[in-house]
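Report on the following structure.
What follows is calculated from the coordinates using simple rules that are stated; it is not laboratory data. Quick caveat, the model's predicted, so the values are computed rather than measured. In this analysis, Cβ positions are derived from the backbone assuming ideal geometry, glycine residues included, and neighbour counts consider all displayed protein chains.
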Amino acid sequence: MTDSKKKYMLMHKNISVAEMELDEASCAISAIGQVLDERHVPVGIPVKKAMIDRSALNEWWKGRAIPASRAGIKSALVELNLTTTQKLLEKCLGLSLSDQYWICPLDSTISWSQVNFFDNMFSDDVGNILFGQGSSSEHMSLMSPDNTSDGWLKKKWKIIDGKRCLMKGGSGATQQEPYNEVLASRIMERLGIPHVKYSLLVENDYPYSVCEDFITPQTDLISAWYIMQTIKKQNHASVYQHYLNCCEAQGIPGIRESLDRMMVLDYLIVNEDRHQNNFGVVRNAETLVYMGAAPLFDSGTALWFDKPTAMIGTKAKISCKPFKSSHEEQIKLVSSFDWLDLNSLSGIEEELRELVRGSLFIDEARCDALCKALKDRVKMLSGIVNSPHNNYPVDNFRVIKRESSVIQLPR
Ligand SMILES: Nc1ncnc2c1ncn2[C@@H]1O[C@H](COP(=O)(O)OP(=O)(O)OP(=O)(O)O)[C@@H](O)[C@H]1O
Ligand SMILES: [Mg+2]
């Protein structure tokens, strides 16, 4: 081993998973030793003959770093005098506030209880630099869960009244995401959908959403993306069916019901970015028993957040994820609306009006358009729920193609 490589133990809380070597120049995993505890290998990473697939583990490791697409990351890196966000990963031992994985230098005796961010204080330095509020000093500490935060919006972890909270900004001229995030949690509150509660914080006229960490020292968040890597997808299976199959094989309860709720929320708020890292499951980090779907989080990319006011309410350039490319198609995957009481959303648009009151970014015309569009979405969903054709989920149909028409028959 040369000087440019450093040896670590990949750890899951107090469990040693495998020895690994990090290359200083590329920040990549250059070698992995034999697996010591296969059950604790990160979910979705293949293991063959007691060896972890290095390329897959590298992707997983790099994916723990702040993405290169994060707003303002270039200037933050300049300020930190670092070339890539992966360098920050090593500085905080890969520790995160969303799961219990970390790396322990082989020549060190530190334990998880001494370093984890759930029980130990952490530095604000990186967060402040990411928010454009800090400047590097000699005493700067890079020990921060911000080094392992995902997503493209500006964000930082903050300890508020002893609780670990994620503070997240908005983007563009409307800075609408934080308002959407709060509205989405109010909608879910009314509909009884398990969710992460977001509240609004305004600092120097800019809106931020704040939510508590929903992961504890006893749990791991695992994204749908990694759950979907646990089984090879059959060619004929839809992404929706594949996810259900993977969850069933892993014994994760309540997934169809939670997806019903997610798709209903996303239809109502016209969410455009429910990608496979924006939902997932929670498991016990010690027993590895799956508890079920994660409460819904990250619902800010909704309600025409990046569109001009004149486009609000239209279908122009609206995308939909993760199962279908339009909300009209995706809502057909909902297996049951029996739980849904849309009457409970009566007057929800007034909550939105109240939320954006005084905002420098959402003017009256935009607010009026958003309120009307939201009300219309509730009506449209009501039309779908009450339509006589909603009895069968689309995936339960076999499709017979005839020249110009498509006929769907229940299986
Ligand atoms: N309350 C929370 N508790 C624990 N982990 C969280 C919480 N909120 C978010 N995370 C983790 O942080 C990641 C980034 O957060 P989030 O998805 O809200 O950011 P984003 O910038 O809006 O992401 P995107 O790029 O998808 O728009 C999530 O994918 C999740 O892993
Ligand atoms: Mg996200």
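Overview of results
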| quantity | calculated |
| --- | --- |
| 5 Å binning of all Cα-Cα separations within the range 131-208, expressed as whole percents from 0 upward | 3, 12, 19, 23, 21, 12, 5, 3, 1, 0, 0 |
| For H195, residues with placed amide H under 5 Å, excluding near neighbours | L296 |
| Those chymotrypsin sites (Phe, Trp or Tyr not before Pro) in the range 60-140 that DSSP places in a loop and that have at most 10 other beta carbons within 10 Å | none |
| Under-5 Å amide H pairs with S16, H placed in peptide plane, nonlocal only | none |
| Translational D in µm²/s for the range 219-396 (Stokes-Einstein at 4 °C, 1.567 mPa s, Kirkwood Rh from C-alpha pairs) | 73 µm²/s |
| Length gained when the stretch N120-S69 is fully extended (0.36 nm per residue, less Cα-Cα span) | 15.5 nm |
| Estimated D of the range 35-189 in µm² per second, where Rh is the Kirkwood radius over Cα pairs and Stokes-Einstein applies at 37 °C, 0.692 mPa s | 190 µm²/s |
| Ranked list, fewest to most other Cβ atoms within 10 Å of each Cβ, for E189, E272 | E189, E272 |
| 3J(HN,Hα) from dihedral phi, the range 173-180, Karplus parametrisation 6.51/-1.76/1.60, rounded to Hz, x for glycine, proline | 6, 9, 6, 7, 3, x, 5, 4 |
| Ratio of Rg to Rh over the chain (Cα coordinates, Kirkwood Rh, two decimals) | 0.99 |
| Proximal aspartates and glutamates to K168, defined as alpha-carbon separation beneath 12 angstrom and excluding residues fewer than eight positions away on the same chain | D146, D150, E177, E181, E203, E212, D298 |
| Rounded if a/c under 1.5, otherwise prolate or oblate - the range 199-299, Cα gyration tensor axes | oblate |
| Under the Karplus curve 6.51 cos²θ - 1.76 cosθ + 1.60, θ = phi - 60°, whole-Hz ³J(HN,Hα) for the range 103-113, x wherever Gly or Pro sits | 10, 10, x, 5, 8, 10, 10, 5, 10, 4, 5 |
| Eligible lysines near K233 by straight Cα distance, threshold 20 Å, same-chain separation 8 or greater | K48, K321, K324 |
| Packing-based exposure ordering (other Cβ within 10 Å, fewest first) of V356, V182, V289 | V289, V356, V182 |
| Relative pair counts by distance (%), Cα atoms of the range 5-120, 10 Å bins | 13, 45, 33, 8, 0 |
| Spherically averaged projected area of the range 169-215 from its Cα convex hull (nm²) | 3.6 nm² |
| Normalised convex hull volume, the range 285-361, alpha-carbon set, Å³ per residue | 194 Å³ |
| ³J(HN,Hα), Karplus 6.51/-1.76/1.60, whole Hz, each residue of the range 51-57, x for Gly, Pro | 10, 7, 5, 5, 5, 5, 5 |
| Under 5 Å, built H, 5+ apart or other chain: amide partners of M291 | V282, R283, N284 |
